[in-house]
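A short write-up of the structure that comes next.
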Amino acid sequence: MSNAYGSWRSPVTPSHVAASGIEISELRTNDSHWYWLELRPLEGGRSTIVRLESSGAVKEVIPQELSARSRVHEYGGGSYCLNDAHLWLVNARDQNIYQVSLDDPNECECLTSGDDSERFADLQKDRRRERLIAIREFHRAEGEPVNDLVAIDTGAGNIAVLAEGHDFYMSPALSGDGARLAYVAWDHPNMPWDGSYLYVADVLDDGGLGNSRVLAGGENESIVQPTWGANGALLYLSDKYGFWNLFGTDSDLEVCPLLLKPAEYGGPAWVFGLRSFGVCEDGTVLAARTRDGTTDLVSVDSTRHSERSIHAG
């Protein structure tokens, strides 16, 4: 006898559906391998870091007890960075930063010693100074959390404040020579897609910041994804003219638009660490362009202020 329509028990349960796919994010490279995050439903939502080996195999590179996930602003993002020897990740359980050997994941140590009230995101490696640069969010017993931009010594774990005073920070980006740091800041009541400021500062001999100045942005202009080119130029996305278009500077940080098109080359900073464009060694910019409801990959010539579509397949 058949059950009435809609009353039978389906063999496909919600847990089956949720467990069917691994979510991939935060693609990184250290010039020798590609790495990314895998959110694994069958492991209780654990987020691990894997590496693409030269053989084509995919290998997990962090201990089973760690899960890479930041909870800054609750949505997180930017939860790990790496060099040729180590990676550093924010662990989901305690929000501390852990250092893991890329040769042996069992060589793992906790770099910070805070509790859940202190969280980190947008990790960047400062290769010249053996430290990390990150966004820190401190949850006080009373009042709103405090956000600042900090440097974390990878040897002793000591933390130094680089910038403070704004309600929020994101996207620290070191120039290739380590001499300049760019970052984005904004304040209540704005969200980052409402209005934000792009800062550039000189990195001093003691590691602190000097000559910090606003390069672009404002209460009604959203800035995202500051990125340094190989020649000392800074690129970023701004919605100043209604779309998130590409802007750039010369080595003296004079700003000019690279492309002013009725298209989006980026989007809202829902989480830390989002990337929609990258800079090649020859200065060519590869970007994801969205227009008329479709997204394609384009190559941008920053000297000629032109672009061409790259067709896959």
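Coordinate-derived values only; no laboratory data. Note that this is a predicted model, so its numbers are computed, not measured. Neighbour counts run over all protein chains shown; Cβ positions are idealised from the backbone, glycine included.
Ordered by the count of other Cβ atoms within 10 Å of each Cβ, fewest first, Trp228, Trp193, Trp88, Trp270 give Trp270, Trp193, Trp228, Trp88.
Applying a DSSP loop filter and a limit of 16 other Cβ atoms within 10 Å to the trypsin sites (Lys or Arg not before Pro) in the range 131-223 leaves Arg140. Restricting the GluC sites (Glu not before Pro) of the range 46-99 to loop positions (DSSP other than H, G, I, E, B) with no more than 14 neighbouring Cβ atoms within 10 Å leaves Glu53, Glu65, Glu74.
Summary value for the range 166-274: 19 percent relative contact order, contacts being C-alpha pairs under 8 angstrom separated by 6+ residues.
Sorted into 5 angstrom bins from 0, the C-alpha pair distances of the range 88-174 split as 3, 14, 24, 26, 18, 9, 4, 2, 0 percent. Most fluctuating residue of Ala288, Ala141, Ala156 in a GNM of the chain with Cα springs under 10 Å: which is it? Highest fluctuation of the listed residues: Ala141. Only lysines eight or more places from Lys240 in sequence, or on another chain, were considered; those with a Cα closer than 23 Å are Lys261.
For a quick check: sort Val184, Val255, Val271 by the number of other beta carbons within 10 angstrom, fewest at the front. Mind showing how you got there, number by number?
Values: Val184 27, Val255 14, Val271 20.
Listed from fewest to most nearby Cβ atoms, that is Val255, Val271, Val184.
Remark: Arg289, Arg275 ranked as Arg275, Arg289, counting other beta-carbon atoms within 10 Å and listing the fewest first.
Based on the Stokes-Einstein relation at 10 °C and a viscosity of 1.306 mPa s, and on the Kirkwood radius from alpha carbon pairs, the range 166-274 is assigned a translational diffusion coefficient of 114 µm²/s.
Structural descriptor for the range 16-164: relative contact order 13 percent, calculated from alpha carbon pairs under 8 angstrom and at least 6 residues apart. For the chain, the relative contact order comes to 8 percent (Cα pairs under 8 Å, sequence separation of at least 6). Straight Cα distances below 26 angstrom link Lys59 to the lysines Lys125, with same-chain residues fewer than 8 positions distant left out.
Loop-located GluC sites (Glu not before Pro) in the range 148-243 (DSSP state not H, G, I, E or B) with no more than 15 neighbouring Cβ atoms inside 10 Å: Glu164, Glu219.
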